[in-house]
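Below is one structure, written out as structure tokens; comments come after it.
Each value in this text was obtained by applying a stated rule to the coordinates, not by laboratory testing. Being a predicted model, the structure only gives us computed values, none of them experimental. Note that each Cβ is placed from the backbone with ideal geometry, even for glycine, and that neighbours are counted across all protein chains shown.
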Amino acid sequence: MYNSDSAIKTKEQDLLGRAGFAAELANAILKNTGKESIVVGLYGSWGCGKTSLVNLVIEEIENITRDTEDKPLIVNFDPWYFSSEENLVSAYFKTLRLSLNIEKNNSWKVKIGEALDNYADAWDALNFIPGAGPILAPALKAVSKAGGKKLSKVKPIDKAKQSIEKVMLDHNQKIIVVIDDIDRLANDQIRSVFQLVKQIASFPNTTFILPMAREVVARALKDVQGDDGNSYLEKIVQIPFVIPELSNTKLQTVFFEKLDTVLRLNNITTIDKKYWSSIFSSCVWPYVNNLRDVNRIINTLEFKIGFLQGELCIEDLIAMTTIDVLEPSLFTWIGENRELLCGSVSTTFYSYREKNSNKVREAYIKSMHEAGIKHIDRAIIAVSTLFPHFANEIEQHFSYHSSESVKKEMRVAELKRATLLFDMDKDNIEIPRSIIIDSLKIYSQKDFGDFLDKTNKENRIMYYLDEINALLEEIPDDRLIMIIKELWKRSKLFEGSLTNSFVVISASWKTESVVNKLIEKIPTNHERYELFVEILKNADINEMETMGERINTIELAYGRLAGKGQENKHNQLLDINDLENLEKEYAKRAKKIACSEAVFDGHNLMFFLYLWESFDNESFTKFIKKHLSDDRFMLRLICRLAGRWSGTEGEGWVFNKNNYSTYIYDEDIYKRISDYNKKRMKKDFDDEELIRIASFYLNYGKDELREHATLDEAKEQIDLWIK
């Protein structure tokens, strides 16, 4: 339901409280009993509702005179279709003639109709032209009896005028003529309209109502007959009325009523009242001047909301729509500088950034000036309210918004949301917010797991994890366990990474970060313990590694293991008795996994072995003694304990003996590699394992801090073995 910018027709549609003023004006016009014509000027700015007020005046006049015999004839004359002063005079009387709706049994209308025809014909004859533009000419010529051959038979213009005056005086018929939209004409057309009014104002019983923006018309009339525009207006207009300025309170009321209707129709029921108050006072109301502004905002919002609902917070959408409609140069500037404003790239004003916010502000202000933005101070406040990073850069602080809250609230200050707004391309949003909410609140465990697998396959898991991180508080408590389980089992399997400055954040790391926060949301320590035990029952090596990291954090919080007595109560997410029981469950599951080939599928086997040894040294030692006698098992285990190096000379693998010297010595490992059946190596080990084995072999006996075999050297060694 779009808000038409068309004028209202009845007082039932009056939202501005103008009906009372219209009634007073209507009574003033009707009470004028003089025979002379009068010209009423209605002065008001563009968009203030002049046409609506005229319609209310006409409605009131019609209501007052409905049951009277001397009801006035109301004529709406539109000067847009006529190109000259001569055209206007002829067209005016033809329009008046058409408005009579002449009936044969109404002698007065017949007489005045003939008189009007004669006068219009006289003007046509005088000017040798048909008297109307291409749109109205056919209709007017059909009415006119003076067309074509009859131009030579018309009365002289002065006699035709006297005929009209006599008929109008004899019948005492009041005529009300409305000439609207004068201030929208070109200057020469405005002058022509006032020449028309001046020429026909001598006709009796006629009231002219001229709504206009006074300053626009006065400027067009400047220098007419040596007068300034205002002086000329005063000569033409006998009764000036200034349309009452719409109060700020009333305009706000209308705005909120229309906005509420739009939100209700689109099922938007919640709004951040505190944030909206800031947005309204800084980004919306400073730009609104009249009802036309309100309607333009609401209409544009209705279009955008259909596309952006659910992907951009409604407060920011209203603000950016207002700026788009009423300050388009600022809207364009924001779009062109969105990456800077969102903090996604280093500012181009970096050279000023010796933490000197004043110079950064000056640079931004210069950029705004160059973009043609008029009200810079107003723009600075609006942009600071919408973009916290920008506010921080220029120290124009309002309130703090973390990156998580910006993402959660779908603020335009997040680059993806800003790009969506300006490009109107939903492909920029990798997963719709509605689907993310459904996955967290509605999906069954199976559906949620399938969704995670699909999202990972489509390389969107990093985006999804960021969204979960922002929406942690939205997840119902009764969904936490299920979500944690499904994320946990996949934490080492998720693919993708994000480089932030010099730090690479992997999908695995991000998953563990999200899971840790979800675990903290579980209401009680014992509920966490039950979750951990349930996960351990069927955990694979990757889940064991993830669980191990979580348990280790809690151990350290109690000052155990490497914690050396330093406690951190915040991270004590299990009671000490439950923690000790969990250690036993972990060791039990570790023993079972270690006896299978699956143990080598882990990503951090060293940590897995460390915790197993710490929790149950006896079972761990038996396992090691039994399996290290198997050359293949031992070498595969050593491969999992390798670390990656890179430098100017290349890259490769290194081995820290502190990770395994408790179980086996370098000499024994080197000897077993040397004695291994080289023909079986290709079958017993995969390519990555072979490179690590060759690297250990080449690094043996060298300074482990300075001398390392490169990947290329390891590959050459493998070729020698295989041959």
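If the chain linking Ser357 and Asp703 were pulled fully straight, counting 0.36 nm for each residue of separation and taking away their Cα-Cα distance, it would gain 119.5 nm.
Using only side-chain charges placed at the Cβ, +1 for Lys and Arg and -1 for Asp and Glu, the dipole size of region 469-587 relative to its Cα centre rounds to 320 debye.
Our summary of shape: the Cα atoms of region 407-485 have principal axis extents of 38, 27, 17 Å, ordered from largest down, in whole angstrom.
Loop-resident GluC sites (Glu not before Pro) (DSSP state other than H, G, I, E or B) in region 454-559 with no more than 12 further Cβ atoms inside 10 Å of their Cβ: Glu458, Glu495.
A quarter of the convex hull surface defined by the alpha-carbon atoms of region 658-707 gives 4.0 nm² as the mean projection.
Sorting 712-718, 290-296 by average packing, meaning the other beta carbons within 10 Å per residue, from highest down gives 290-296, 712-718. Taking Lys and Arg as +1 and Asp and Glu as -1, the other residues whose beta-carbon sits under 10 Å from that of Lys591 total +3. Distant-in-sequence amide contacts of Arg560, defined by a placed amide H-H separation under 5 Å and a gap of 5 or more residues or a different chain, comprise Gly565. Using a 7 Å offset from the Cα along the Cα-to-Cβ direction at both Glu24 and Lys625, what is the distance between the two label points in nm, to one decimal? Result for the modelled spin labels: 10.8 nm.
Across region 626-677, the volume of the C-alpha convex hull divided among the residues equals 93 Å³ per residue.
Summary value for region 446-603: 20 percent relative contact order, contacts being C-alpha pairs under 8 angstrom separated by 6+ residues.
Suppose we look only past 22 Å in the calculated P(r) of region 537-609. What percent of the Cα-Cα pairs does that tail hold? For region 537-609, the fraction of Cα-Cα distances above 22 Å is 25 percent. Highest average first, the peptides 7-16, 607-616, 60-69 ordered by how many other beta carbon atoms sit within 10 Å of their residues are 607-616, 7-16, 60-69.
Residues Tyr697, Tyr364, arranged from fewest to most other Cβ atoms within 10 angstrom of their Cβ, appear as Tyr697, Tyr364.
In this structure the amide hydrogen of Phe241, modeled in the peptide plane, comes within under 5 Å of the amide hydrogens of Gly41, Leu42, Tyr43, none closer than 5 places in sequence on its chain.
Spin-label model, Lys235 to Lys569: label points 7 Å out along the Cα-to-beta-carbon direction sit 9.2 nm apart.
Stokes-Einstein, applied to the Kirkwood radius of region 248-428 over Cα pairs at a viscosity of 1.002 mPa s and 20 °C, places its translational diffusion at 128 µm² s⁻¹. Translational diffusion coefficient of region 631-722 (Stokes-Einstein, Kirkwood radius from Cα pairs, 4 °C, 1.567 mPa s): 98 µm²/s.
Remark: region 267-324 is approximated by an ellipsoid whose semi-axes, taken from the C-alpha gyration tensor as √(5λ), come to 18, 15, 9 Å, largest first. Whole-percent P(r), region 446-603, all Cα pairs, 10 Å bins from 0: 10, 37, 37, 15, 1. The 3J(HN,Hα) values that the Karplus relation (6.51, -1.76, 1.60; θ = phi - 60°) gives for region 531-546 are, in residue order, 4, 4, 4, 5, 5, 5, 4, 10, 5, 8, 5, 5, 5, 5, 5, 5 Hz. Gly and Pro appear as x. Here each label is just a point 7 Å from Cα along the line to Cβ, and for Ile271 and Asp712 those points are 6.6 nm apart.
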